Amino acid sequence: MAATMIGGAFLSATVHTLVEKLASTEFLDYIKNTKLNVSLLRQLKTTLLTLQAVLDDAEEKQINNPAVKQWLDDLKDAVFDAEDLLNQISYDSLRCKVESTQVGSKTNQVWNFFSSPFKNLYGEINSQMKIMCESLQLFAQHKDILGLQTKSARVSRRTPSSSVVNESVVVGRKDEKETIMNMLLSQRDTTSNNIGVVAILGMGGLGKTTLAQLLYNDKEIQQYFDMKSWVCVSEDFDTVRVTKSLLESVTSRTWECDNLDILRVELKKNSREKRFLFVLDDLWNDNYNDWDELVSPFIDGKPGSRVIVTTRLEKVAEVAHTFPIQKLEPLSNEECWSLLSKHALGNDEFHNSKNTNLEEIGKKIARKCGGLPIAAKTLGGLLRSKPCI
Ligand SMILES: Nc1ncnc2c1ncn2[C@@H]1O[C@H](COP(=O)(O)OP(=O)(O)O)[C@@H](O)[C@H]1O
Ligand SMILES: [Mg+2]
């Protein structure tokens, strides 16, 4: 099976998807309402991260080292068991959510949690999870015996984002783009000040930055706004740095000064009377005061000015948004498959191919991406160098 042939690479993407799922707000919120063992889930995440760190090395070494190949093959089975278990949990979380929105009232929501077919199964799931953690921890111990070394994980090695996007490789996101376009171009302002904020929310690798790039580069957007600016904020939120980046982008020149007051006054001066679009990509800071301080220099922009914030954290979105929060959904299996094939072959050849066997394998792999474009892209890229699946 293709999965065996692309060994560590395939595993790497699956492990990445699982870790993202375990860390997602949605998953954690659901877990809080159940009797599932939170500390076991944490252990599972830590162990997966430990294993993920050596997968790149294992992938390389398996070619000459049969023991490593065996380790990867066995690990693959264990990881897929973990995936099945987490899928079961996700399925129940979804079921509870759907039923509670259908029925509506609080009492019924509570009832739904307790009526879960999982209720009696939580104990069983916990014991399965315990076995799974122990088994994965054995793999983690074994990695040292095999001499596998930590390399930073391929899928999480991210460079700072810029506003540039290659639109020819983007799949889907048409509806999402249209919804946000309407917010960006609407004449109606949602707050007393002039800035409308659209928050795009979703786990890492889901395509938030890509969607923001599509919007930023759209022709209609270019014409509508007097000026645009893109700042990659990332984990190390620093008001001086972000304010300075915005100012530099707005004035098209560098600013040596680190005095926040001066920077803010300049930014205020330069954004006044202009309709602007600012993108703050990958915001992690959920402190309201920091946010307020950051946006205060540009609240006097021309009506219709907009800020797009992308974030993984619901709390950040809640602090920033003025328009309804745009929660990004995973791509469909079909879209993942299209993305994977584009990266595997550089075009849609897989789609046009008469080789239905190949297509079937490719689609199976795409399903394993869990709707995460980063997983589909990474796998596609790896398949590109392995033409003989
Ligand atoms: N709709 C899409 N079509 C094609 N590639 C995508 C799509 N969404 C994301 N990607 C690719 O997946 C990777 C992760 O996407 P990104 O937008 O950086 O995610 P996020 O900002 O949510 O972490 C990027 O390399 C991007 O090019
Ligand atoms: Mg991003």
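Sequence gap at least 6, Cα distance under 8 Å: using those rules, report the relative contact order of segment 167-327 to the nearest whole percent.
Across segment 167-327, relative contact order equals 37 percent.
In nm, to one decimal, how far is the Q187 label point from the A78 one, both placed 7 Å along Cα→Cβ?
6.3
What's the FRET efficiency of D238 with K274 using the Cβ-Cβ distance as r and R₀ = 30 Å, to the nearest 0.05?
According to the calculation, E is roughly 0.75.
Based on the Cβ-Cβ distance of K363 and D144, what FRET efficiency does E = 1/(1 + (r/R0)^6) give at R0 = 30 Å, to the nearest 0.05?
0.20
P(r) for segment 162-295, please, calculated from all Cα pair distances in 5 Å bins and given in %.
Binned Cα distances yield the sequence 2, 9, 19, 22, 22, 16, 8, 2, 0.
What FRET efficiency comes out for I131 versus I325 if R0 is 45 angstrom and r is the Cβ-Cβ distance? Round to the nearest 0.05.
The formula returns an efficiency of 0.70 here.
If packing is taken as the average number of other Cβ atoms within 10 Å across a peptide's residues, how do 314-321, 131-138 rank, most packed first?
Taking the mean over residues of other Cβ atoms within 10 Å, the ranking is 314-321, 131-138.
Using the structure shown, list the pairs from K208/K269; K177/K244; K342/K363; K268/K327; K45/K363 with a Cα-Cα distance above 24 Å, or answer none.
Those over the limit are K208/K269; K177/K244; K268/K327; K45/K363.
What order, most packed first, do the peptides 252-261, 163-172 have when packing is the mean number of other Cβ atoms within 10 Å of each residue?
For the peptides 252-261, 163-172, the packing ranking is 163-172, 252-261.
Laboratory data are not the source of any read-out in this text; all were calculated from the coordinates shown. Keep in mind it's a predicted model, so treat the numbers as computed, not measured. Every residue, glycine among them, receives a Cβ derived from its backbone with ideal geometry; neighbour counts consider all protein chains shown.
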